[in-house]
Amino acid sequence: MRTNTEPLTVFTREQLDSYFASYVGMEGGNPGAAVWFCDSAPHPGVAPLSGPLVPHARPTAWDADYRHKYRHHMERWQSHQRIARIMAAARARVFKTTMGEQDWKHYFDHHLYGPQGAEFKLSLFPLPARLTDEIPWSKAFRGQPELFPRQRYLDLCRAGRRFAFIDGIRRLWKPKVVICLGERHADDFAQAFGLAQAHATDHVLQPADQPKTLRVLERDGTTWLICPPLAGAGGMMSDVLLDAMGQYLSRWLRPDDFSGHVMDVAREPVSQP
């Protein structure tokens, strides 16, 4: 975070548009994986904004170095733990095994977002909605006219190259399933992934818990599941719901989707002007 003695670098719209048209603000993993998880924004602290702005041409991954660096923080990352539970449940169903109570923990500790793993995590917008719990958007970006008010930043991502980049990497990597977290962002998911003409149905997830409705859209060999978020009063937070989500996800997966994908470094993301 900038101190009072540091000069403020004011970023132009063109600089920000170019920076956002990259893997910035994505937790990462393996873009060649069968399953993608897409949130509206990254968690606080994921994508600090400081100059010079260099677009992220490659996704990050939770490799051994990353896990060592953040080993004291990971136990608090509840949303990622819930994603690990979904994936562990999907894997158990695919391999026709019984899911143990700690299988999600093993998946989280050893497999989640791995460089050759079974999932990739991206976000529609590259900057956290709040940089920290103490610093609101209005305070963090008051000196950045292209980012304040926040609506100006959101419009830049939608109409600029960020959403075009997301559509481009989806067409490049062709995941089997994209799980979109947060139905209130459905319009943005539809715009970013070009789902206006996609075939759409609803699926009700109803284990021994409150039923949750998933919007299921299909286009170009990929299925999108627009579902409740993984936090909040209306979210998918219970183990029963997360397990049911994983079991439903498994219908699109095969054992080799969990065998590890070697990311083809020769393939470059497609970014449209």
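Taking only the alpha carbons of the range 1-156, we obtain Rg and Dmax values of 17.7, 60 Å in that order.
So what's the back-of-envelope 222 nm ellipticity for the chain, counting only DSSP H runs of four-plus at -39500 (n - 2.57) apiece and dividing by all residues, rounded to 500?
-9000 deg cm²/dmol
The range 77-119 and the range 133-157 have Cα centres lying 35 Å from one another. Its alpha carbons considered, the chain gives a radius of gyration followed by a Dmax of 18.5, 60 Å.
The stretch between THR201 and ARG219 holds 5.2 nm of extra length on full extension. This uses 0.36 nm per residue minus the Cα-Cα distance.
If you count only protein heavy atoms with a 1.4 Å probe, what accessible area per residue comes out for the range 192-246, rounded to a whole Å²? Present the calculation step by step, with values, prior to reporting the outcome.
On the way: 2480 Å² over 55 residues.
I get 45 Å² per residue for the range 192-246.
Using a 1.4 angstrom probe on the protein heavy atoms only, could you order VAL94, VAL240 from most to least accessible area? Don't skip to the end; give the middle numbers.
On the way: VAL94 20, VAL240 65 Å².
Ranked from most to least accessible, the order is VAL240, VAL94.
Around the amide H of GLU119, modelled in the peptide plane, lie the amide H atoms of ASN30, TYR113, GLY114, all under 5 Å away and 5 or more residues distant in sequence or on another chain. Packing-based ranking of 203-210, 65-72, 230-237, 171-178 yields 171-178, 230-237, 203-210, 65-72, ordered from highest to lowest mean Cβ neighbour count within 10 Å.
Who wins for biggest fluctuation among GLU183, GLU101, GLU218 in a Gaussian network model of the chain, springs between alpha carbons below 10 Å? Result for the chain, Cα springs under 10 Å: GLU101 fluctuates most. For the chain, the residue among PHE11, LEU214, ALA231 whose Cα projects farthest onto the positive side of the dipole built from Cβ charges is PHE11.
Note on the chain: with a GNM built from Cα contacts shorter than 10 Å, the maximum mean-square fluctuation among GLY51, GLY160, GLY246 falls on GLY51. When peptides 16-29, 128-141 are sorted by average Cβ neighbour count within 10 Å, with the highest value leading, the order is 16-29, 128-141. Distances between placed amide hydrogens fall under 5 Å for THR213 paired with LEU205, all partners being 5 or more residues away or on another chain.
Over the Cα atoms of the range 138-223, each weighted equally, I'd like the Debye log10 I(q)/I(0) at q = 0.10 Å⁻¹, rounded to two decimals. Normalising to I(0) and taking log10 leaves -0.36. Under 8 Å for C-alpha pairs, at least 6 residues apart: give me the relative contact order for the range 13-257, rounded to a whole percent. For the range 13-257, the relative contact order is 27 percent. Whole-Hz Karplus values for the range 223-238 come out as 10, 9, 10, 8, 10, x, x, 9, 8, x, 4, x, x, 8, 10, 7 Hz, taken residue by residue from phi with 6.51 cos²θ - 1.76 cosθ + 1.60 and θ = phi - 60°; glycine and proline positions read x.
If you take every residue apart from ALA61 with its C-beta less than 12 Å away from the C-beta of ALA61, what net charge results, scoring Lys and Arg +1 and Asp and Glu -1? Don't skip to the answer; put the middle values down first.
On the way: positive: ARG58, ARG67, LYS121; negative: GLU27, ASP63, ASP65, GLU119.
In short, -1.
Here the chain has 51 percent of its accessible surface on carbon and sulfur atoms, given a 1.4 Å probe and all protein chains in place.
Report, for the chain, the % of DSSP beta bridges that are antiparallel, rounded to 5. Counting DSSP beta bridges with both partners in the chain, the antiparallel share is about 50 percent. Spatially close Lys pairs in the range 19-162, defined by Cα atoms under 24 Å apart and a spacing of eight or more places or different chains, total 4.
The values are calculated or read from the model by the stated rules, or taken from the named source; none is laboratory data. This structure is a prediction, so every number in the text was calculated from the model and none was measured. All Cβ positions, glycine included, derive from the backbone under ideal geometry; neighbour counts span all protein chains shown. These accessible areas exclude ligands, DNA and RNA; they are computed on the full protein's heavy atoms, side chains included. Shrake-Rupley method; radii C 1.70, N 1.55, O 1.52, S 1.80 Å.
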